[in-house]
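Below: the structure, in structure tokens.
The values are calculated or read from the model by the stated rules, or taken from the named source; none is laboratory data. These figures come from a predicted structure and were not determined experimentally. Neighbour counts run over all protein chains shown; Cβ positions are idealised from the backbone, glycine included. In case anyone asks, the SASA skips ligands and DNA or RNA and just uses the protein heavy atoms, side chains included. Shrake-Rupley method; radii C 1.70, N 1.55, O 1.52, S 1.80 Å.
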Amino acid sequence: MIVGSAAISSLPYLHLNAKNKDMLKGNINHSVCRWTYGHLSLDELCVLIKDIGFSAIDLMGPNDWPTAQKHGVYSSMCNGAEISLEEGFNHTEYHDTLIKNYTEMIPLVAKNGYKNLICFSGNRNGMDDETGLQNSVKGLQKLLPLAEKHGVTLTMELLNSKVDHPDYMCDKSVWGVELCKRLDSGNFNLLYDIYHMQIDEGDVIRTIGENHQYYGHYHTAGNPGRNEIDDTQELNYPAIIKAIAKTGFKGYIAQEFIPKADDKAASLREAIALCDI
């Protein structure tokens, strides 16, 4: 059942406040990852973010797009073509399925007016870095002409292998950047997840400055814990966002923390305010 906006605004935990609208500075394209606010329906989340003052949600697939479009909310990072985080382009046995999935999804993403589609390296399963690079190039090269034709960018996410995704191959910038260099396409880049890369490589601001041309998208979360990006954790998000903006970045920065506060809507408001430099 679709909840109407009047019903949504009556829910006390959303704390909707029209005074917050149009208060953002406009320097950062803000987004939030759908799965981290799964306690809300998509209708409710759309109303909340529009009230905060932004209009994009990450990690939505075709089933979500009609609801988002109804609210004027943009799908800033599409998903739905991948097999899983563990089964990716580094293993050739998955290529047939991945190529089929992405060949179907890329035109659909473009048809709906979107630009970014996520992909994953997959786990190592005993594979060395070089073999993984060669296999990933082989698979992705088959898709890039279609992506270029439709103006869609395939974006591989950097994930930590120390805490959350053991054995994931694209777990450091050096591997992902090398993949970008070998593919040499404006329609392939990396999703630099600040939380994940703080765990696996640290030196976040320097790394962004040195490799920003390969990063097409950013995710946030507090470390340790993957919760709110406030002063309870070790990352200095205002400084990091300023460093990203300094590179001339014009893409999206999406909140991907798991809110643990009772007032989860307030946590999102605070995170957006913190990053709205």
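So the values come out like this:
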quantity	calculated
Sum of -39500 (n - 2.57) over DSSP H runs of 4+, divided by residues of the chain (222 nm, nearest 500)	-11000 deg cm²/dmol
Spin-label model distance (nm) - T232 vs V163, 7 Å beyond Cα toward Cβ	1.3 nm
5 angstrom amide H check on F120, placed H, neighbours 5+ away	F89
Residue-normalised accessible area of the chain, expressed per residue, 1.4 Å probe, Å²	43 Å²
Rg in Å to one decimal, and Dmax rounded to a whole Å, for segment 121-176 via C-alpha atoms	12.6, 38
Residues L24 and D263, FRET efficiency given R0 of 30 Å [Cβ-Cβ distance, rounded to 0.05]	0.90
From phi via Karplus (6.51, -1.76, 1.60), per-residue ³J(HN,Hα) for segment 193-200 in Hz, x at Gly/Pro	8, 4, 4, 4, 6, 4, 6, 8
³J(HN,Hα) computed for each position of segment 130-141 - Karplus, 6.51 cos²θ - 1.76 cosθ + 1.60, integer Hz, glycine/proline x	5, 4, x, 5, 4, 5, 5, 4, 4, x, 5, 4
Listed residues K50, K260, K138, most fluctuating in the chain (Gaussian network, C-alpha, under 10 Å)	K260
Residue-by-residue Karplus 3J(HN,Hα) for segment 250-257, coefficients 6.51, -1.76, 1.60, Hz, glycine and proline x	10, x, 9, 10, 10, 6, 10, 7
DSSP-defined antiparallel bridges as percent of all bridges, segment 82-239, nearest 5	10 percent
Dipole in debye (nearest 20) - the chain, about Cα centre, beta carbon charges: Lys, Arg +1; Asp, Glu -1	1040 debye
Candidates K70, K162, K172, ranked by Gaussian network fluctuation over the chain, Cα under 10 Å, top entry	K70
DSSP bridge pairs, the chain: antiparallel proportion in percent, nearest 5	5 percent
Chain lengthening between A245 and T92 when straightened (0.36 nm per residue, less Cα-Cα)	51.4 nm
5 angstrom amide H check on M60, placed H, neighbours 5+ away	M77, N79
Segment 31-90, Cα convex hull volume normalised per residue, Å³	84 Å³
